[in-house]
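The values are calculated or read from the model by the stated rules, or taken from the named source; none is laboratory data. If you're wondering where the values come from, they're calculated on a predicted model, not measured in any experiment. Positions of Cβ are backbone-derived with ideal geometry, glycine not excepted, and every protein chain shown enters the neighbour counts. Each accessible area value is taken on the protein alone, full model and side chains, heavy atoms only, with ligands, DNA and RNA left out. Shrake-Rupley method; radii C 1.70, N 1.55, O 1.52, S 1.80 Å.
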Amino acid sequence: MKNQKNRETDFAKGLEGIVSNTTRIGYVDGEAGKLSYRGYDIEDLAEHSSYEETVYLLLNGKLPTLSELEEFTDKLKGNRTVADEVMNRITHLPCPCHPMSMLRSGISLLECIDDTCRIAEDLEEKKEAGIKLIAQTATLTAAVARHLQEKEPVPPDPALPHGANFLYMLRGERAKPLEERVMDLSLILHADHGMNASTFASMVVASTLSDLHSAVSSGIATLKGPLHGGANERVIRMLTGISSIAEAEAFVEKVLAEKTKIMGFGHRVYKTYEPRAKILQGYAKKLTELTGNEELFEIAQTIEKRVTEAYGSKGIFPNVDFYSGLIYHSLGIDESIFTPIFAVSRIAGWVARILEYLEDNRLFRPRAVYTGPTDLPYVPVRERG
Ligand SMILES: CC(C)(COP(=O)(O)OP(=O)(O)OC[C@H]1O[C@@H](n2cnc3c(N)ncnc32)[C@H](O)[C@@H]1OP(=O)(O)O)[C@@H](O)C(=O)NCCC(=O)NCCS
């Protein structure tokens, strides 16, 4: 498109492929199907790390020593409590209200009551505010989930690690070891993923030197959209709508013939089997066996096998949402809470990338190609036809 007047002739819709900054935080290699945080392969982190250690790594650029990890874990635990005035308000919002909107409102309310967060000036203070917010987001999300079931919030248990405590606050009782492991793993796998839309949105807000809570609120607002978070909700609706392997086979043939998009398949960056889906697949099998959802796993496998046969050559494979939906469903979590759980994890990436960007801040200010009319004569309102 030509527009000499603006001297902007080339543009990338949605900023696709545009490089806006450098980062040392994470790398997605879509061709090789690799994801790393701070240089560490996601498969190693999934096998050996914990969410707490992964957050430390993202925020600090190195794996912690034992004492650093203990101190950091204690800090997260010590910051879990959310003031009653915020809890009471988010549970008295005009309903029906989307859980992501409740969570976003909770973060905004925290900003209103927490001076230390609002006035955090330097990057160390912002990091402390970020750690507090990471801890509180899990508490807020669990309270939102329980409110939707008309249940009272469960106070955090300081004896439990982040993922196990989150499940405890959701249920009001301790989960089984495999369930706790899978929640921790899922939080690790979703913690960061390149310059995705919610990360970018939160960085844009932070680049104006607005406060961290506002930046995180915009991340949550962005993640809420079905083109970003939310595909796993649609995956579980698809899977639970199928009641047998035979029905799964018929379903997949029908969608292939109709050439409709199948939820939980394909990715803008990965053109091979993505590592997060591969890791979650193994755990989904174990978890569905534990929770009596084996048939749902078999249905998922049937769909995966046939879709991969048909579309693998086009680079279409299951994505992380295909198995995370199955996992959260098997953990007994309502589908409306799947995207808020994404936020419970991804807030670590948002905070890490905001802090990194602010080290050498530059206000985000792209431009647009003007394609409207020019030099129109202004006609007074009474003279317009
Ligand atoms: C994630 C997604 C938006 C990535 O899309 P993209 O890289 O921009 O790819 P496009 O939507 O342009 O699709 C490219 C081709 O692959 C096909 N395709 C992509 N995803 C597909 C899917 N899930 N099922 C069937 N076909 C798919 C498209 O129909 C298109 O085919 P064509 O070239 O014959 O027209 C897309 O794969 C999708 O909508 N997936 C389903 C939703 C989902 O699972 N989202 C979670 C992502 S983590």
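Could you report the accessible area of Met195 in Å², rounded to 10, computed with a 1.4 Å probe on the protein chains as they sit in the structure?
Solvent-accessible area, nearest 10 Å²: 80 Å².
With the cut-off at 27 Å, tell me which of the pairs Lys126/Lys278; Lys259/Lys305; Lys278/Lys314; Lys13/Lys314; Lys62/Lys132 have Cα atoms farther apart than that. Write down the numbers at each step before the final one.
Working: Lys126/Lys278 35 Å; Lys259/Lys305 17 Å; Lys278/Lys314 18 Å; Lys13/Lys314 23 Å; Lys62/Lys132 20 Å.
Exceeds cut-off: Lys126/Lys278.
How many angstrom lie between the C-alpha centres of the stretch 3-75 and the stretch 131-151?
Here the two parts' Cα centres lie 25 Å apart.
Just to be sure I understand: with springs between alpha-carbon atoms less than 10 Å apart, which residue in Lys278, Lys259, Lys75 has the highest mean-square fluctuation in the Gaussian network model of the chain?
Lys259
For the chain, report the convex hull volume of the alpha-carbon atoms normalised per residue, in Å³, without decimals.
Details: hull volume 77.1 nm³, N = 385.
Measuring per residue, one finds 200 Å³ for the Cα hull of the chain.
Mind giving me the nanometre distance, one decimal, between the label points for Glu152 and Glu258, set 7 Å out from Cα along Cα→Cβ?
Here the modelled spin labels are 4.7 nm apart.
Is there a quick way to get the dipole size of the stretch 231-330? I mean about its Cα centre, with the Cβ of Lys and Arg at +1 and of Asp and Glu at -1; what is the value in debye to the nearest 20? Don't skip to the answer; put the middle values down first.
Numbers: 14 positive and 13 negative charges, 107 e Å.
Dipole of the stretch 231-330, to the nearest 20 debye: 520 debye.
Cα atoms only, the stretch 231-330: Rg and Dmax in Å?
Expressed in Å, the Cα Rg and Dmax of the stretch 231-330 come to 12.4, 36.
Where in the stretch 290-320 does the amide nitrogen come within less than 19 Å of the point 7 Å from the Cα of Arg268, taken along Cα to Cβ?
Only 315-320 fall inside the zone, counting backbone N under 19 Å.
Putting +1 on Lys and Arg Cβ atoms and -1 on Asp and Glu Cβ atoms, find which of Gly61, Thr73, Val379 reaches farthest to the positive end of the dipole of the chain.
The residue sitting most towards the positive pole is Val379.
What does the charge add up to near Arg181, with Lys and Arg as +1, Asp and Glu as -1, over the other residues with Cβ less than 12 Å from its Cβ?
Details: positive: Lys176, Lys286; negative: Glu47, Glu179, Glu180, Asp184.
Net charge around Arg181: -2.
Given the options Val320, Val252, Val344, which has the most mean-square fluctuation in a GNM of the chain, springs set between C-alpha atoms less than 10 angstrom apart?
Val252
Find the percent of Cα-Cα distances in the stretch 318-358 that exceed 11 Å, and round it to a whole number. Can you show the working numbers first?
Numbers: 553 of 820 pairs.
Every Cα pair in the stretch 318-358 considered, those over 11 Å come to 67 percent.
Under 25 °C and 0.890 mPa s, how fast does the stretch 34-191 diffuse according to Stokes-Einstein, given a Kirkwood radius computed over C-alpha pairs? Answer in µm²/s, whole number.
Details: Rh = 16.5 Å.
Here the translational diffusion coefficient equals 149 µm²/s.
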